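**Q** Mind having a look at this structure? Questions to follow.
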Amino acid sequence: MEERQFTVDQPNTRLDKLIANQFPDLTRSRVSKLIKDGAVLVNHQVQKPKYQAQLHDQVIIKIPTPEQLDVTPEAIPLDVVYEDDQVIVVNKPQGMVVHPAPGHPNHTLVNALLAHTKLSSINGTFRPGIVHRIDKDTSGLLMVAKTDVAHQSLTKQLQEKTSRRKYLALVHGNIREDQGTIDAPLGRSFKDRKKQAVVPDGRHAVTHFRVLQRFGTDYTLVECELETGRTHQIRVHMQYINHPLVGDPLYGPRKTIKGNGQFLHAAELGFTHPTTGKALDFHSPLPSIFQQTLDKLAKQYGVTNLEEEAKHEW
């Protein structure tokens, strides 16, 4: 058990935001969970994440020892896009889980990474090096921290929204607007605890989208840029505006194009290098099944005058 404490000098700030700002190695979601679990005391009392801190409040945080999992390094092939002594950027294939969890202890990206290199220790053995995640059936780019210094820097960039993450998604229906923003809070669904949903008291979530290509009135290819990074954010937000992802087994319709899960790909990633300060930008081509599906749709719907931007993104 690790204990941290501080005195509030920024009054009228939400407790969860205040703690996340005070300790960059703690993500906002982890802070919120610690508060809800009663591991955070304000003047020796339990408060809610939205509690407005007052000047001179005494905050004590008790961080439990991370659950110890026997994470075994596995010699699984990795698609390494970039690597140095601080960070590694990988292109995760569709179907691979990012990190071990109860019920899924091996064959994950973390197992593969541990066989390749050392990772930061901030998340303990549960999620070493993992700064952000993408779903099992989502493919594409992930930045991973090799040192604690890098982990703190990358986490801070995510919190301050200075890193850049763009996804390509194939959705059902014809999105009439050329671009737009979905600003809708996300939380666990009241109807199905396995799902996320737009809920009144959910966490702030913002997704920006831009149409790249329409396939008749049946399908639309969009670029989605994350301002926040909530669980299943793009999948839930697109369903919320009645354009669920093609192939999504959890949020999409039963009648859909067959694939290996949702057609969602983390195509672009940009961040500032933790120690050199250099701006790094990476691009990942679409997986073959995604590209082949777009080619078939283009032929089926007679799309011959693809916009140059769409061609570039593909």
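The values are calculated or read from the model by the stated rules, or taken from the named source; none is laboratory data. All of these numbers come straight from a predicted model, not from anything done at the bench. Virtual Cβ from ideal backbone geometry, glycine too; neighbours counted across all protein chains shown.
**Q** Any idea how many residues of the range 154-202 are without any contact (Cβ under 8 Å) to a residue 40 or more places away in the chain and more than 12 Å from M238 (Cα to Cα)?
**A** 17
**Q** Still on this structure: I need the full set of residues from the range 18-47 which are under 17 Å from G187 (Cα atoms) and touching a helix residue (DSSP H, G or I) at 6+ places or on another chain (Cβ under 7 Å), in order please.
**A** T27, R28, V31, S32, I35
**Q** Could I ask something else about it? Take L250 and tell me if it is over 19 Å from K161 (Cβ atoms) and among the aliphatic types (A, V, I, L, M). First the steps, then the outcome.
**A** Working: over 19 Å from K161 (Cβ atoms): yes; among the aliphatic types (A, V, I, L, M): yes.
The answer is yes for L250.
Okay, residues lined up against (1) within 19 Å of T181 (Cα to Cα); (2) not β-branched (V, I, T):
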residue: P200; (1), (2): yes, yes
residue: H204; (1), (2): yes, yes
residue: D218; (1), (2): no, yes
residue: M238; (1), (2): yes, yes
residue: D248; (1), (2): no, yes
residue: Y251; (1), (2): no, yes
residue: T256; (1), (2): no, no
residue: G259; (1), (2): no, yes
residue: K278; (1), (2): no, yes
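**Q** Got a sec? Which of G259, G270, G252 is at negative phi and in a strand (DSSP E or B)?
**A** Answer to the check: G270.
**Q** So for the range 78-94 (the condition being crowded, with 18+ Cβ neighbours inside 10 Å, closer than 30 Å to A267 by Cβ and modelled with pLDDT under 95), does at least one residue qualify?
**A** no
**Q** Among the residues of the range 7-14, is there at least one that is surrounded by fewer than 18 Cβ atoms within 10 Å (Cβ to Cβ), under 21 Å from D135 (Cα atoms) and among the acidic types (D, E)?
**A** no
**Q** Of all residues in the range 48-58, which are buried (at least 18 other Cβ atoms within 10 Å of the Cβ) and under 25 Å from R188 (Cβ atoms)?
**A** Those that are buried (at least 18 other Cβ atoms within 10 Å of the Cβ) and under 25 Å from R188 (Cβ atoms): P49, Y51.
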